[in-house]
Each structure stands twice: as C-alpha cells, then as structure tokens.
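Everything below concerns the one structure shown next.
The values are calculated or read from the model by the stated rules, or taken from the named source; none is laboratory data. Note that the coordinates shown come from a computational prediction; the quantities given were computed from them, not determined experimentally. Positions of Cβ are backbone-derived with ideal geometry, glycine not excepted, and every protein chain shown enters the neighbour counts. Note: areas computed on protein heavy atoms with side chains; ligands, DNA, RNA excluded. Shrake-Rupley method; radii C 1.70, N 1.55, O 1.52, S 1.80 Å.
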Amino acid sequence: MRHHLLSVSVAAVAATFAVTAMPAAANDKLIELSQKDENWVMPGKNYSENNFSSLTQINVDNVKNLKPAWSFSTGVLSGHEGTPLVVDGTMYVHTPFPNITFALDLAEPGKIKWMHKPKQNPAARAVACCDIVNRGNAYWPGDGKVGPYILKTQLDGHIVALDAKTGAEVWKMENSDIKVGSTLTSAPYVVKDLVLVGSSGAELGVRGYVTAYDVKTGEQKWRSYATGPDADLNLADDFNIKNPHYGQKGLGTSTWEGDAWKIGGGTNWGWYAYDNATNMVYFGTGNPAPWNETMRPGDNKWTMTIFGRDVDTGKARFGYQKTPHDEWDYAGVNVMMLSEQKDKDGKTRKLLTHPDRNGIVYTLDRETGDLVSANKLDDTVNWVKQVDLKSGLPQRDPEYGTRMDHKGRDICPSAMGYHNQGHDSYDPDKQLFFMGINHICMDWEPFMLPYRAGQFFVGATLWMYPGPKGDRQNYLGLGQIKAYNAISGKYAWEAMEKFAVWGGTMSTAGNLVFYGTLDGFIKARDTRTGELKWKYRLPSGVIGHPMTYTHNGVQYVAIYYGVGGWPGVGLVFDLNDPTAGLGSVGAFKNLQHYTQMGGGVMVFSLDGKSPYDDVKVGEYAAK
C-alpha cells in the first residue's frame, strides 16, 4: 500500500538526509534523555516501560505535604488517556479528538509556547470504538541536522511529525483509512530513526498491522500484519524456532475459515517496549473480529499474540498467542514491561511481563519467547482454570464459554478485562509490579450479522457488573490496585477501589506508587504495604497514568484529568441502556454521581512550590 504525503515534500526531505544518516545516534540520545530526572521522554519513561522514577524528594514520609503547584485546562472534554511528556524544560500535552498538542513552558507553567490543532475529517468520530481518546505523543531528539520532532497520531488515521521547537508540521502520512473503520488512538513509538504506529478498528472488522516510518521523512520502511499469508505477517525464517509448539508457518490463513482473516481484526492500539540488546520491539495484537466466535472457527492466528519483532526489519522472531479463538473480546494489546530478574532456578533472565485483558499476567523470556509464568490477576477469573506452561495453552472452563443460542452468565473478567489500556509500573529494587485492575464480570449473548465496511462488526450483546468482590447492588467495587511478584507469582498487597483503575500506575524510589481513579482522585500508596498515604480530588475522573520530573531542583508529579474512554462512554455520550457502549454503560451507571467531564493536567509538588512563588514570574514588564 502506497502512502501519500499530505504536506511537505518527502523527496526534498529525503534528499537532504540521504548522505547524513546516523542510525544509532538519535536512539542513543533518547536513551540518555530518558535517564535524566528532569525528563519524561516517552509514555513509560524509558524503553523498559517501567514507569519507575529514582526520584526521592517526594517520599512516603512527606507525601502528605503534596499540594497543587499549577494546572492547565486543555479546553477539550472526553477522556484523556496516557501522560504528558517533559523534555528539557517543555511539557508536551496531548488531547483526545481533535488531537491538539500543546507545548508548555515549565519556567512559566501553563504558558503556551505553541499549539498544533489539526483539521480532521469529523467522520472519524463515528467509527471510533470507545470514546475518541488518544494515548500520547512520542519524541525524537534529532540527529544534529534536523529535529527534534514531536510525533503524534490523529483519530482520522494520520501520523504527523511536528518541529518540537515551533509546532510546525514537518510531514504527515495516512496510516489508516477511516472509510473502513480504521482509526488511530495509540501513541507512536520512536526507536532509532524509526517511528512505529499501530492501528485501531477491530470492532469494525479492520485487519490489524504495525508500520514503521522513517522518522525524518515519513517514508514507510516496513509493515507487518497480524493475520494472513506469511509474507504479510513478516515472519523471520526461524520464527518460533525456540518454541515450535506455539506454531510457525502458514497459520495466519489456515487457522481461519476461508478469507475470514481479511476482516479478522488483530489491531494493536496499545503500548510497545524495546530492548536495545535483542533489537526487538514487543507489543500485543488485539481481538479477532467479529466478537461472535461462531462466525470465525479456528485459532485465528495471530490475533491475541505477544510479538517480538526485529525493529530494523519488522520480522517476527517469536509470537505467543495467549487466547486462541478468543470468545470474549480479550484484546491482547496491554502494556509490556521489561525487567531482568532471577527465575525460580536462580538464573538471571531478561523478562517481559504483560497483564492481559483475559485476566492472566504473563511473563516471558524476551530473548526466546519462553513462557516463564502465567498467573491469574485475581482468583475470581473463571473462564480459564490455568495456563499450561509447557504448551502455553489455556485450560478453559466450558461453563464460561460463549456460543450461539446461549447466554453465557457471570463470565469473569468481562470484555473490558481485568486489565485494559492502563500503563503500569515496575520497581526494580523491590521487584514488584504495581497494577491497576478492573473487577468487572459479564453476561454475553452472541448474534449473527453481516460484514459491511466501515460499520460495527461485533455480534454480541453484553451486560456488565462488578465482580464477586464488589457491590453488585450499588455497582461499586469495580477496581483494584495490586503489587505483584512475577517470579513467586504472589501478590504483596492489594486494595479495592470504587471504580476500575483504568489509567495505570507510576512508582518511585520514594516508596510510593501513584495512580488516578475514575471518580476523580490521584492517590499515593506505600509500595511496601499498600497503605494509602495521600489523595487529592481532581476536577474530573482519571483514565491516564501519572508521571514525575524535576525542574530547577523541585520534583513534580503530573497527571491528566478528564473522564471518558470505554468506562466513561455512558457519561460522555449521555447513554442509559445498560448494554450500550458495548456493555460498559451498565457497569459504570453510578460513575455520573461521582464526577463529570473535564480535561487538563494537574501538577503537584511539596507544599505546592512552583515558579509562581516568585510573584514576578509571568507579570507584564512595562517598557
């Protein structure tokens, strides 16, 4: 598929850099920037995507003194997912549709250095699955000749490179066609001089793919699909050679009936991780389409798969399918967090940990794809009894399966998963993952429907409600926060929340884990015990994750507010039918009594210290 340039001349840009390519330099600089406390240069802070900061100025002993330092309203309602970026004294803030990007001056917080407000085809709103969210921007530091750039995605399917200093568009490419229901909601991901971007729209029968573009020019370098022939899947010659029982060649078509793979989903709208040593990028593919499993017999490979792909070529070196023939919309795109730990035999291994929507938290050896552990996110997960570590296959409980002419009841987790798009954190000192969890179950009744391009292609009616540990009378107890050890498989502590902890967590060496709640709080707990140490009421509910940075020696904690996303569609679009919003309206029927729409970023520091403590900052200076 040939992509077209919509703004500046690709040829001119390409010619400029044909003789100045420095493939590793920009990547090295991005790694260097990610290691500095004053920066937060990618959604998960670093390529390990651990959302962990070594800062201790704010710690478990003084967090009670955390107060608002400054705030910024984006002027946009709907859900604000992801987190801001901070690079060298500038905060880059993104919004849901219309996908505005603000560059804010941290020396005079809230002052807008530049704003990029793209004109988009409003038809994109109609084909967005679950609110009109966006999960963030990416930063490319430049190579000394051009850049730095801010990379962003738009709901109408475009990826755009902006001059980080001026906000001017450098290049713009069409990645997804909204006429067939393909949108863009994920954050771009920069590795070396490539920018990776996924795709959305499995609920409309979109066939998923990930694409790498030259970050300088927008030229497409490679594209790899989730379904179809091996050439389209872009499989390495030795694909899954370490684990042939996962499956190898020919399965992207043979595990589907006829040409169903062409409208089979497997989009990837979640998060990425990258290991400089393996040179692999890691991500998950989403649910097969349609949700009604009767309409697509077979394992439906390679939807629901954790891929490890060579970042230079896109070739898949391993792929592990977690939920073959998914029956419940357990889209497998959730966060991938990298760590190095000793396994139960005392061997130090390079690991990848992934809390999946299906209620299992998987840990793989990221060099080989070997499955190291697979444990339930909560003991109320019931569709699966356990995962066989040798075969990698889930051992299902047929009582909670779905099929035509049958209404499945009390299936846990619901289609929203026990974990969704939240970006979680890992403390390498404590070897604990801090995870924001949903606690939602469902009834499921499938129905048949035809495929029509650009229209919803789901085929199931859902009723959702709190899990067994929640309050089903009052629709509360829909979430949890947990600390997990991937080697022992045990939880160090856990606590219930009124609503899903949708946005994820950020942990620090100050023995703190921060997270936001749908009902509008930012909270901090002691990472050692789970004890609640601090909270603050925000103007609206939270579906993004916190971040932290320093500026002029002061540590700040920042978080988006702005309720929405899948759990907030009832509130955002004023829906009342409990089956609307693909079942989420019923589950979150009480959310409207705790928060309303808003949109912005709130920043905290000890005693609210900020540049405005100097009252002259930002004042008009008469000439």
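Listing for the model above:
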{"read-out": "Solvent accessible area, Å² - K347, 1.4 Å probe, full protein context", "value": "120 Å²"}
{"read-out": "Sequence-distant aspartates and glutamates (8 or more away, or on other chains) whose Cα lies within less than 16 Å of K152", "value": "E81, D163, E169, E174, D193, D214, E219"}
{"read-out": "Net charge dipole size for segment 85-185 [Lys, Arg +1 and Asp, Glu -1 on Cβ; Debye, nearest 20]", "value": "160 debye"}
{"read-out": "Only Lys, Arg (+1) and Asp, Glu (-1) charged, at Cβ; the chain dipole about Cα centre in debye", "value": "460 debye"}
{"read-out": "20 Å Cα-Cα reach of K589 towards aspartates and glutamates, excluding residues that sit fewer than 8 places from it in its own chain", "value": "D131, D410, D443, D471, E497, D519, D574, D577"}
{"read-out": "Which of E445, E497 is most accessible, then next, and so on - probe 1.4 Å", "value": "E445, E497"}
{"read-out": "Helical contribution to [θ] at 222 nm, DSSP H n ≥ 4, -39,500 (n - 2.57), averaged over the chain, rounded to 500", "value": "-1500 deg cm²/dmol"}
{"read-out": "Protein accessible area in segment 61-147, 1.4 Å probe - carbon and sulfur %", "value": "49 percent"}
{"read-out": "Simple spin-label estimate for N276 and K344 in nanometres, 7 Å along Cα-Cβ", "value": "3.4 nm"}
{"read-out": "Label zone at R403 (point 7 Å along Cα-to-Cβ), backbone N below 15 Å, segment 271-297", "value": "293-297"}
{"read-out": "Chain lengthening between L449 and E531 when straightened (0.36 nm per residue, less Cα-Cα)", "value": "24.6 nm"}
{"read-out": "Net charge over other residues, Cβ less than 10 angstrom from the Cβ of V458 (K, R count +1; D, E count -1)", "value": "-2"}
{"read-out": "Charge dipole magnitude, Cβ of K and R +1, D and E -1 - segment 164-230, Cα centre, debye nearest 20", "value": "140 debye"}
{"read-out": "Cα-based shape type of segment 376-488, given that a ≥ b ≥ c are square roots of the gyration tensor eigenvalues and the cut on a/c is 1.5", "value": "prolate"}
{"read-out": "Label-reachable residues, segment 106-148, where backbone N falls under 15 Å from a point 7 Å from T166's Cα toward its Cβ", "value": "114-116, 146-148"}
{"read-out": "Most to least accessible of R357, R349 (protein chains only, probe 1.4 Å)", "value": "R349, R357"}
{"read-out": "Those residues of segment 221-246 whose amide nitrogen sits under 19 Å from the label point placed on D310, 7 Å along Cα→Cβ", "value": "221-226, 230-244"}
{"read-out": "Selection from G564, A486, P118, by position along the positive dipole direction of the chain (Cβ)", "value": "P118"}
{"read-out": "Ordering of 150-158, 309-317, 109-117 by burial proxy (mean other Cβ atoms within 10 Å per residue, highest first)", "value": "150-158, 309-317, 109-117"}
{"read-out": "Relative intensity, log₁₀ I(q)/I(0), of segment 201-312 from a Debye sum that treats every alpha carbon as a point, q = 0.11, 0.17 Å⁻¹", "value": "-0.35, -0.82"}
{"read-out": "Tail weight of P(r) past 48 Å, computed on alpha-carbon pairs of the chain, percent", "value": "6 percent"}
{"read-out": "14 Å beta-carbon shell around N121, net charge (K/R +1, D/E -1)", "value": "+1"}
{"read-out": "Filter on K192/K535; K117/K533; K221/K350; K36/K64; K45/K249 - keep pairs with C-alpha separation over 31 Å", "value": "K192/K535; K117/K533; K45/K249"}
{"read-out": "Solvent-accessible surface (1.4 angstrom probe) belonging to K249, in square angstrom, nearest 10", "value": "100 Å²"}
{"read-out": "Separation of the N552 and K36 label points, Cα + 7 Å toward Cβ, nm", "value": "1.7 nm"}
{"read-out": "Förster radius 41 Å - calculated FRET efficiency between K117 and D574 (Cβ-Cβ, nearest 0.05)", "value": "0.95"}
{"read-out": "For peptides 374-385, 555-566, sequence by mean Cβ density within 10 Å, most packed first", "value": "555-566, 374-385"}
{"read-out": "Where only alpha carbons of segment 476-623 are counted, the Rg and the Dmax (Å)", "value": "18.1, 67"}
{"read-out": "Mean accessible surface per residue for the chain, computed with a 1.4 Å probe while every protein chain stays in place, in Å²", "value": "34 Å²"}
{"read-out": "Accessible surface of E619 - all protein chains present, 1.4 Å probe, nearest 10 Å²", "value": "130 Å²"}
